[in-house]
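Heads up: the structure comes next, in structure tokens.
The values are calculated or read from the model by the stated rules, or taken from the named source; none is laboratory data. Keep in mind that this is a model prediction, so the values were computed, not measured. No Cβ is skipped: glycine too gets one built from the backbone with ideal geometry, and neighbour counts run over all protein chains shown. Side chains included, ligands, DNA and RNA excluded: accessible areas come from the protein's heavy atoms. Shrake-Rupley method; radii C 1.70, N 1.55, O 1.52, S 1.80 Å.
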Amino acid sequence: MSRVTSMMVTRNVLGANQANLNRVASLQHQLATGKRLAQLSDDPISGRRAMTFRVQYNEMDRYLANIDKTLAFQQASESAVTGMVDIAEEAKALALKATNGSEDAASRSAMARTMDGLLQRMVDLGNATHDGRYIFAGTAVFDKPFDLTADGNGVLYQGDQDDFQVSISKGNRATVNLNGAKVFQQDHDVFKALIDVRNAMAANDPEAVEEHLAALDGVHAHLGDTLGALGSSIRRVELTQQQIEAQKVNLSELISKEEDVDLAETISRLQMAETTLEAGLNAGARVLRPTLLDYI
Amino acid sequence: MARDLSQQRDSAGSTLHSLTRDVNRLSSQLADLNIDIRRGSASGAPPNDLIDARDELLRELSTLVQVTVRYQPDNSVQVDLGGRLLVGSASSAELTTEQIDDGKLAVVYADDRGLVQLSGGRLQAIAHMRNEVLPDIIADFDQLAVSMMRQMNGIHATGANSAARPQAVMGEMVIPGGMLNTNLDDPSLKKEPGQIAGIPAGMLPEFVDELGNPQSTNLSINIMNTATGVAEKYTIRYEPGGVPAASRSLNDLISAINTGRGGGFSVHPPVAGGIPHLKAHALSVDGGHKLSLQAADGYAIDFSRSLDTRPSESVWTGAGIDIAGSDPDLAGKRLHFDITNDGRLEAYTIHPQTGNREVYDSVALPSPAPDPADPPLFLGDLEVTFLGAASEYVIGQGFTADLTNAGDLADGDPVEVRSNWRDDAAGVSIHGRYTGAVSMIPDQPWNMSVLKGGTIGSANDAPMVKFTYNVGDGSGGAEQRTMVITLDEHYPPGTQIPIADGVYAIFDDGQLFEDVGGNNNLDFTVDGQPDQAGLLSALGVQSLFHGGTAATMKVADSVLASPNNLLVGSTRANGDNSNILRMLDARQEQLLDDDSLNFEDFYQDRLNRVATQVNQVAQQKSNQAAVQASLENRRDQISGVNIDEEVGLLIMQQQAYQAAARIVGIERENIQALLGILG
């Protein structure tokens, strides 16, 4: 049997008491802050996961901001192209009327003037702006892209051929702009079609008008296609937006799982720790007090 | 955060110092006690109070350092620390702290500066913290900072911006004084902590490939005329040459910019006078020199991939030229030849540092137009012959020749007459944002040549041009491809004609002439890697971040002052954000830890290491506390006091005393009775 001295007893009682107090204090801290991890070192593995999730969560917010800007820009493009489709329709109707044999030079020349008006509006739509920048100019966004030549017989593109992209989600870049030269001049020259019909009308030449009507048809169809393509591109971006918002919700759940306290569990653990503390103090008091001197 | 870590390191250092003073205090008190105890023991009973006090001091000392205690027969103690005597019978050795190499703080003996081997105790723990743990963390963060800076600065420097048109550009890094002729990738240029001069290790330029073999690298500079918006692109190309690799110091770079050649650097296309409208020099500052680039008034500098080049404007339109002879005085230099106002051919070099012309020789031209029958022209030790008939000499035009280190001309056809364009031909300009990765290769330029002459944009007399371009993945050589296009009514003057990878050409109004005898072809420079060696970030030119360590890192003042100075694009177009996208991509690149981690992963990894260490140490601490408690219990088992035991023994003594007192009483009665009988 080993010898037990007063110092030993005191030391044991105090030591156990400290350990219990520590446990109670940390549980209390967890409850008060609602967080399981006061520092990364409390649970490094969990903490690392929580950190990773947090970084991703913040990224989501930035992507959403970028998507908002992209959508606004693309919607402005969409309304400009919609306007162009309407103009093309009007132009077609007018041209059809001009091929009618019952029209005469005077009425055709009036139609030519109307057509010129339509051309101007088309060029204006080509020069549409959003937030102070020209939409269809490539990356030269402060320079007007489309200019009618002095003789009114041509439209020059003065923007550039580059596109700009925006990050809309991890590893995913969306091209935001439509390049004016590619869309409105390359395969189907929108402006040239209007100019040709106008000139034919002014020359009072219904056969020529008929010839150019085919090109005008093609232009109308092309603009409709462009609108469709733009619409589906906008739809894709909106889908990405929805996906990202769902991911955000997911991530905040995951973060909470790692970081936050489960109230019920922690409270019951606190109660147990308190009970242990009380029992330890009680037992300690019993052991420390009595000595032989009390009984002499 | 780096500053906090530095502060912690400093405070650990001062804690170490004050603990050392504590050790000194304890050991001198022990020595004094030793003297008193020996004196006390010599005169009789051992002085127990003093011995108890000494034991208490020994206990305190052993929490600070691990010592060996030897009890002497005269009750004094000798205390050994790491094999040397710390406390003797009458004196103690003093310790102090001293800075040794690598910035470490060590504990040494004050008299001979001998190193103390610490093992165990608070001193060793603090020393370990101060000398290993904290500096390692600081070094990790510095590594992260430098790597991030190198990457971002390199991308930023090769960007452009429609608003920023700097006429002068200065490097932020200071090359230490006296090292202007040291190779820029020499490790002796490394910046030591606390110094102003030097390039942080990890940001030094690299003129070698992954295997360590010297390779040629390019640096592109664009000089833009701010009034017309037309820019010219020049490439400073480093060629290692043979073994040892050609010199690549700051002076060489400056000389190349000013004269066209310097060390292993040379300028392409080789125009007279180095890069026109641009002067470089080494600006003297505190501690050394900074690179300073100054453009002429009305011109701006950038290092981007923008391509507004009018290649037809500065070429020799005369006949072919042959130069023979050699002159050792011209070794390694670029010699320029100009046709002057008064009908002379003048040859000159440009001084590398001042940029001044130094005329080599000049000779009168025999006639306004070159004639094969004319005798060769002698300039100094060189002989110039004009070949073939051509249009007259044009005043102001010139050509250049590079001379070898022996003073001879390089080889074969010595003069690089790269382009030939008739004055009256229509102009052409090259535009766009080159999205490929192929760098400039001197013998394989992009080229436009006229296959069939005609009027641009005409339906029945359309010219045919052929474009030659390079494609590849950017590592080493590139494949040449061609594209032929007829400039008919579908391509009126001013139309953008795409060539490849985002590069397009625009022709002006006018005529093109067939390429007879190399008379209508143009070379132009397209460079997908504007700064292959990382010179711009090494010298701190147009950097986004300044500073060399995690603690000193900050955003450049010019960018903070105005967001217009943030180079967001690859071209000067207003809506171009591609440079920022490149910087974002760099976030994902794995450049750290042997190319396995990107910036965020590295940071999290190191953070996690610290957290795990803290967790482990906390666990060890509670383990050790339990062990310590059980040891103390063992000690108390043997030497501790149990009150019950003592009280029991005391009662026994009391009873024994009472019993003895009783016996004394009985004896006294006995003796009294005896005395009564006798008396």
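Points to keep in mind about this one:
- Restricting attention to region A:40-51, the residues that are more than 7 Å from chain B (Cβ to nearest Cβ) and free of Cβ contacts under 8 Å to residues at least 40 places away in the same chain add up to 3.
- Check on B:Val610, in a helix (DSSP H, G or I), open to solvent by 80 Å² or more (accessible area, probe 1.4 Å) and over 30 Å from A:Arg289 (Cβ atoms): no
- Residue check, A:Asp187 open to solvent by less than 60 Å² (accessible area, probe 1.4 Å) and either in contact with a Ser or Thr (Cβ under 6 Å, 6 or more places away or on another chain) or within 14 Å of chain B (Cβ to nearest Cβ) (or both): no
- A:Ala140 vs. criteria outside any strand (DSSP E or B), more than 30 Å from B:Arg582 (Cα to Cα) and either more than 14 Å from every other protein chain (Cβ to nearest Cβ) or not hydroxyl-bearing (Ser, Thr, Tyr) (or both): no
- Taking the criterion of being in contact with a strand residue (DSSP E or B) (Cβ under 9 Å, 6 or more places away or on another chain) and either more than 9 Å from chain A (Cβ to nearest Cβ) or aliphatic (A, V, I, L, M) (or both), the residues of region B:560-569 that qualify are B:Leu560, B:Leu567, B:Val568.
- If you go through region A:252-296 and keep only what is of a type in the set (Lys, Arg), surrounded by fewer than 15 Cβ atoms within 10 Å (Cβ to Cβ) and either within 14 Å of chain B (Cβ to nearest Cβ) or within 28 Å of A:Asn12 (Cβ to Cβ) (or both), you end up with A:Arg286, A:Arg289.
- The combined condition, being basic (Lys, Arg) and within 30 Å of B:Asp10 (Cα to Cα), is fulfilled by B:Arg122.
- Qualifying residue in region A:97-112 (condition: within 14 Å of chain B (Cβ to nearest Cβ), acidic (Asp, Glu) and in a loop (DSSP other than H, G, I, E, B)): no
- Of the residues making up region B:574-587, those that are at the interface with another protein chain (Cβ under 9 Å from one of its Cβ atoms) and of a type in the set (A, V, I, L, M, F, W, C) are B:Leu581, B:Leu584.
- Only listed residue being facing chain A (nearest Cβ under 10 Å), of a type in the set (S, T, N, Q) and within 30 Å of A:Ile45 (Cα to Cα), chosen from B:Gln604, B:Gln590: B:Gln604
- Among the candidates A:Ala80, A:Ala88, A:Ala105, A:Ala112, the residue that is crowded, with 18+ Cβ neighbours inside 10 Å, of a type in the set (A, V, I, L, M, F, W, C) and modelled with pLDDT under 90 is uniquely A:Ala112.
- From B:Gly198, B:Gly177, B:Gly171, residue being of a type in the set (Gly, Ala, Ser) and surrounded by fewer than 20 Cβ atoms within 10 Å (Cβ to Cβ): B:Gly177
- Between B:Met583, B:Met652, the distinction of being within 30 Å of A:Phe136 (Cα to Cα) and out of contact with any Lys or Arg (no Cβ under 8 Å at 6 or more places or on another chain) belongs to B:Met583 only.
- Just one of the listed residues (A:Met84, A:Met122, A:Met115, A:Met51) is assigned to a helix (DSSP H, G or I) and touching a Lys or Arg at 6+ places or on another chain (Cβ under 8 Å), and it is A:Met115.
- Residue within region A:7-19 that is touching an Asp or Glu at 6+ places or on another chain (Cβ under 9 Å), part of a helix (DSSP H, G or I) and not charged (D, E, K, R) present: yes
- With respect to the stated conditions, A:Gly171 fails to be touching a Pro at 6+ places or on another chain (Cβ under 7 Å), in the same structural domain as A:Leu227 (by TED's automatic domain parsing) and not β-branched (Val, Ile, Thr).
- Conditions (1) surrounded by 15 or more Cβ atoms within 10 Å (Cβ to Cβ); (2) modelled with pLDDT under 85; (3) farther than 30 Å from B:Glu206 by Cα: number failed by B:Ile499: (2)
- Scanning region B:216-246 for residues being assigned to a loop (DSSP other than H, G, I, E, B) and either closer than 24 Å to B:Pro445 by Cα or touching a strand residue (DSSP E or B) at 6+ places or on another chain (Cβ under 7 Å) (or both) gives a total of 10.
- Pairs are defined by a Cβ separation below 6 Å, a sequence spacing of at least 6 or placement on different chains, a first member in region B:569-581 that is at positive phi, and a second member that is not in a strand (DSSP E or B); no pair meets this definition.
- Of the residues making up region B:290-302, those that are modelled with pLDDT of 90 or more and open to solvent by less than 30 Å² (accessible area, probe 1.4 Å) number 6.
- Contact map, region A:159-174: residues that are more than 9 Å from chain B (Cβ to nearest Cβ) and free of Cβ contacts under 8 Å to residues at least 12 places away in the same chain paired with residues that are of a type in the set (A, V, I, L, M) and part of a strand (DSSP E or B), Cβ distance under 8 Å, separation 6+ or inter-chain. No pairs are found.
- Qualifying residue in region B:138-161 (condition: free of Cβ contacts under 8 Å to residues at least 40 places away in the same chain and under 21 Å from B:Thr552 (Cβ atoms)): yes
- Residue check, B:Gly528 at the interface with chain A (Cβ under 9 Å from one of its Cβ atoms) and open to solvent by less than 40 Å² (accessible area, probe 1.4 Å): no
- Test: residue in region A:212-221 that is in contact with a strand residue (DSSP E or B) (Cβ under 6 Å, 6 or more places away or on another chain) and in the same structural domain as A:Ala95 (by TED's automatic domain parsing): no
- For A:Leu96: the one exception among (1) free of Cβ contacts under 8 Å to residues at least 40 places away in the same chain; (2) open to solvent by 40 Å² or more (accessible area, probe 1.4 Å): (1)
- Unmet criterion (only one of (1) more than 8 Å from chain B (Cβ to nearest Cβ); (2) more than 25 Å from A:Ala279 (Cβ to Cβ); (3) of a type in the set (Gly, Ala, Ser)) for A:Ala32: (2)
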